[in-house]
Amino acid sequence: MADLEFNTTSGQTIARELLIAYLNTGTTSAPVWSAIGKRVEDSTAEMDWSQDSKRDILGNTFTTMKKPTITQTFDPIPLDAGDAAAVKLWNLSVKDHDAQALSNQDMLIAHFYATSGQAKFAERYSGCAVAVTSIGGDGGGDLNIATEITYGGDRTLGTVTKGAGGAVTFTEDAA
């Protein structure tokens, strides 16, 4: 894959809203991509490269890294009947305690700011662990859940488009 460009004006920073994580609330063969983190004010994907530095007997330092383990926390996510991702996560975690399903979720990271022509870069992860780590909130406030995602499984690169009504479509890159 050729290097991508940022589709913003030179000198202009990129809006945070152009990096969105989606949970598949449909099926593997007919995915429905639902944004995760509705109403969350801050969320960052942390990349752990398992960096290891060693010094040889000559005093030279060499460092190795592995492919990153990527984790992302969304906290708090107010429970809302119109938030398909929150409803799915509540059912799998609070209602069903389905650890196996929670550790095998289909996620999409859409980079709406990175392009090759009109195509926007996206990466799909087939086996993500989505742990609901808490449920609750302040008295008189909203009922919230918190989640921690560990992106895993097969990483498939492709492009993403947003259609009418905000429907998201992922297209896998040709081999």
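The values are calculated or read from the model by the stated rules, or taken from the named source; none is laboratory data. Please read these numbers as outputs of a predicted model, since none were measured by experiment. Virtual Cβ from ideal backbone geometry, glycine too; neighbours counted across all protein chains shown. Each accessible area value is taken on the protein alone, full model and side chains, heavy atoms only, with ligands, DNA and RNA left out. Shrake-Rupley method; radii C 1.70, N 1.55, O 1.52, S 1.80 Å.
Before moving on, here are some points about what is shown:
- Count of residues meeting criterion [of a type in the set (Gly, Ala, Ser) and over 19 Å from residue 25 (Cβ atoms)] in the range 119-145: 7
- Qualifying positions in the range 21-37 - open to solvent by less than 40 Å² (accessible area, probe 1.4 Å) and out of contact with any helix residue (DSSP H, G or I) (no Cβ under 7 Å at 6 or more places or on another chain): 21, 22, 24, 26, 33, 37
- Single condition residue 104 does not satisfy, out of (1) surrounded by fewer than 20 Cβ atoms within 10 Å (Cβ to Cβ); (2) within 17 Å of residue 20 (Cα to Cα); (3) of a type in the set (S, T, N, Q): (2)
- Those strands (runs of 3 or more DSSP E) of the range 1-62 in which 2 or more residues are touching a strand residue (DSSP E or B) at 6+ places or on another chain (Cβ under 6 Å) and more than 25 Å from residue 161 (Cβ to Cβ) occupy 45-48, 52-55.
- When residue 7 is tested against the conditions (1) touching a residue at least 60 places away in the same chain (Cβ under 8 Å); (2) open to solvent by 90 Å² or more (accessible area, probe 1.4 Å), the lone failure is (2).
- Among the numbered conditions (1) modelled with pLDDT of 95 or more; (2) open to solvent by 20 Å² or more (accessible area, probe 1.4 Å); (3) out of contact with any Leu (no Cβ under 7 Å at 6 or more places or on another chain); (4) not small (Gly, Ala, Ser), the only one that residue 109 does not meet is (2).
- Only residues that are touching a Phe, Trp or Tyr at 6+ places or on another chain (Cβ under 6 Å) and open to solvent by less than 60 Å² (accessible area, probe 1.4 Å) were counted in the range 54-84, giving 2.
- Restricting the range 114-165 to residues that are of a type in the set (Lys, Arg) and under 20 Å from residue 37 (Cβ atoms), the residue that is surrounded by the most Cβ atoms within 10 Å (Cβ to Cβ): 124
- Boolean, residue 52 is touching a residue at least 24 places away in the same chain (Cβ under 8 Å) and of a type outside the set (Phe, Trp, Tyr): no
- Yes/no for residue 42 being over 21 Å from residue 172 (Cα atoms), free of Cβ contacts under 8 Å to residues at least 12 places away in the same chain, within 15 Å of the chain's Cα centre (by Cα) and open to solvent by 80 Å² or more (accessible area, probe 1.4 Å): yes
- Conditions (1) open to solvent by 40 Å² or more (accessible area, probe 1.4 Å); (2) outside any helix (DSSP H, G or I); (3) of a type in the set (D, E, K, R); number of the one not met by residue 88: (2)
- Selection of first residues in the range 150-175 that are free of Cβ contacts under 8 Å to residues at least 60 places away in the same chain and of second residues that are of a type outside the set (S, T, N, Q) and open to solvent by 60 Å² or more (accessible area, probe 1.4 Å), restricted to Cβ pairs under 6 Å at least 6 apart or on distinct chains, gives the following pairs, ordered by first then second residue: 156/172; 158/172.
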